[in-house]
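Where a number appears in this text, it was derived from the coordinates with a stated rule and is not lab data. Computed from a predicted model, the values in this text were never measured in an experiment. Please note: Cβ atoms are built from the backbone with ideal geometry, for glycine as well, and neighbour counts cover all protein chains shown.
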């Protein structure tokens, strides 16, 4: 998408980086990493999906403000996203009025995520960007995801779709179907 076409998108559809002031308010990646290292295994997929959905709902209620998680909150959400079954179950969070909350949540988590934990929120942010027609923002987010974890399969697969120019509607439908299947089956077919 060219800059000229991107400027035609309504403001609510634009995906932007986390503003500097918000970035400075976020917990340090080192603090989140320390909490993640000390955190026992997460409660399981059902608890993970519930925690992620609660975070998205809280952000939706807070809009237009962006919620800033504590290091412990960010670590819990990032640990939840590290389970692909939970990640897949919320991958369709780009739909309807939840889109702005999803963008804010994934961008905020990506900004404070240490190392490989950045891959999941960056990939989810890329999905949000691509399905609204912002391929450039999707490519940038996928680049960050693959830099954080070069073996992150969902990011690599989405990158191939974006690079091939697959229609956003087809990606939207595939992600929605995958999320529905993950919620129904409580499992995912990929390792990351």
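The table below gives the values:
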{"item": "Cα pair distances exceeding 16 angstrom across region 99-150, given as percent", "result": "29 percent"}
{"item": "Residue exposure sequence - 39, 105, 123 - by fewest surrounding Cβ within 10 Å", "result": "39, 105, 123"}
{"item": "FRET E, pair residue 170, residue 30, Förster distance 30 Å, beta-carbon r, rounded to 0.05", "result": "0.15"}
{"item": "Using a Förster distance of 25 Å, the FRET efficiency for residue 156-residue 136 (Cβ separation, nearest 0.05)", "result": "0.85"}
